[in-house]
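Each remark here refers to the structure printed beneath this line.
Laboratory data are not the source of any read-out in this text; all were calculated from the coordinates shown. Please read all numbers here as calculations on a predicted model, not as lab measurements. Every residue, glycine as well, gets a Cβ built from its backbone with ideal geometry; the counts of neighbours run over all protein chains shown.
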Amino acid sequence: RAERRAALQILVAELGWLRALRLGGLSVRPGAAQAPFSHLPVAADGRERESRAQAGAAIALYRVLAARLGRERALALTGRVVDAGARAFLARQLGDLDAAAFAALDADARGERARGWIGAFFTATACLNTVASDEVRFTVHACALVRLCRAAGHPELAPVFCRADAAFFASRRPPVALERPQTIAAGDPTCDFRLRLSPPGGSSS
């Protein structure tokens, strides 16, 4: 998968081939992504299983890196891996986020498209607030990634996923402007998202 290739490239660049393969192999061994949640009840549905797989992979890597590189370096390197993986994953889930095509839709079609984007975030419980020709606003009321990082004893990892979201939107061409004044990972009650889409050569207000 694209996410695994991106992760391996970062580990190789940082650690070299042999060390990257050794550490990466430890973090992806069978059951590694589920191990941090062995004390939790069995996942109730597919969304929870997918959320645990996503969070658990990052936690497993972080634990392996922290044991060998120290917590600070492990957190930074895990953040880079999560960032690269999120770009590949979200690009596949959300598509191109074509601003011109979005603006050309009628109001009902834009709303349906925006709801599809929110639905792609299977780790989040969210509601759609505003849909305009160049803007989408929604509120996340619960985040499985934050909950699972805390449950595994690694709350410091939760903001890594927030930064990965921001990096993905910034990487779009043209970039999608993300405003998120508060996050659950930072201790706020909700995450408030405002996405502003601007066609090539255009500007968003």
In nm, the gap between the two label points placed 7 Å beyond Cα toward Cβ at Leu94 and Ala166 is 1.4 nm
Calc'd 3J(HN,Hα), region 86-100, phi into Karplus 6.51 cos²θ - 1.76 cosθ + 1.60 (θ = phi - 60°), Hz, glycine/Pro = x, comes to 5, 4, 5, 5, 5, 4, 6, 6, 9, x, 7, 6, 5, 5, 5
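For Ala35 and Cys127 in the same chain, what is the full-extension length gain: residue separation times 0.36 nm, less their Cα-Cα distance, in nm?
On the way: separation 92, 0.36 × 92 = 33.12 nm, distance 3.12 nm.
That works out to 30.0 nm of additional length.
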The rounded separation in angstrom of the Cα centers of region 156-194 and region 77-118 is 13 Å
Contour minus Cα-Cα span, Asp108 to Ala53, at 0.36 nm per residue, comes to 16.4 nm
Whole-Hz Karplus couplings 3J(HN,Hα) for region 61-74, θ = phi - 60° and coefficients 6.51, -1.76, 1.60, Gly and Pro as x, run 5, 4, 5, 5, 5, 5, 5, 10, 10, x, 5, 5, 5, 4
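Once you keep just the Cα pairs under 8 angstrom separated by 6 or more residues, what percentage relative contact order results for region 81-183? Mind showing how you got there, number by number?
On the way: 98 pairs, mean separation 29.8, N = 103.
In percent, rounded to a whole number, it is 29.
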